[in-house]
Amino acid sequence: MTIETLTQHPEGARYTVRPLGSSDYVHLRRLEAEIWSGDGAGELCPHYLRLCTELYRDWCFLAFDGERPVGYVLNFVAGTTVYCATLAVHPEYQKGRVNYLLIRAMVSKLLNENIEECRFLVEPGNNDARSVHNALGARVVEEVQDFYGPGDTRLWSAITKDDLERVRARYTRLKLVS
């Protein structure tokens, strides 16, 4: 599956989104350094990224501006539950269509597979991520204390298959699905 926009980027390149392949490991590593090097949380573990390119490639997506990788969404599947682990976009592209296209690829996959729910883990103060989850119809189902260590609080949000079906018409209007 490749998802393309209908409009051109100002420099003329077209954004595309596609599932990961094994060779995308180097792209993920580079994006990790570019996106997270100044963040206190730091970069993702190389093993984690390799799991995405080898075991979960059909559930993870990479966005390009022409030939340049500019963002990704990483998901893991356990039975009929999908865990959306990370959505990251290069700072130069964060206010553009890349977020939308990555979410569109993920939502399309969720609607076309036999899943019961999709879960998101987020810091309570990450309002940007929480607003995306809310827009998708997710709701907070659990608050977890000391998740990564003492004092670290995280929220689990979930969107169920029934939720996805209820908002399918909205997703269609927003062109998250066709």
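Each reported figure results from applying straightforward, stated rules to the coordinates on display, with no laboratory input. Bear in mind the structure is a predicted one, so any value in this text is a computation, not a measurement. A quick note on method: Cβ atoms are made from the backbone with ideal geometry, for glycine too, and the neighbour counts reach across all protein chains shown.
Quick notes on this structure:
- Sites Glu143 and Cys45, calculated FRET efficiency, Cβ-Cβ separation with R0 22 Å, nearest 0.05: 0.30
- 19 Å reach of a label modelled at Arg173, 7 Å along Cα-to-Cβ, counting backbone N of region 125-166: 132-138, 163-166
- Anisotropy class of region 23-159 from Cα gyration tensor, a/c 1.5 cut: rounded
- Cβ-based exposure ranking for Leu155, Leu62, in which fewest neighbours within 10 Å come first: Leu155, Leu62
- Assigned charges on the beta-carbon of Lys, Arg, Asp, Glu; the chain dipole about Cα centre (debye): 680 debye
- Averaging the sequence gap over all C-alpha pairs within less than 8 Å and six or more residues apart, then dividing by the number of residues, gives the chain a relative contact order of 16 percent.
- Taking 0.36 nm per residue of separation and subtracting the Cα-Cα distance, full extension of the segment from Arg68 to Thr16 would add 17.7 nm.
- Loop-located trypsin sites (Lys or Arg not before Pro) in region 94-131 (DSSP state not H, G, I, E or B) with no more than 13 neighbouring Cβ atoms inside 10 Å: Lys95.
- Using a simple spin-label model with pseudo-atoms 7 Å out from Cα toward Cβ, Asn112 and Thr81 lie 2.5 nm apart.
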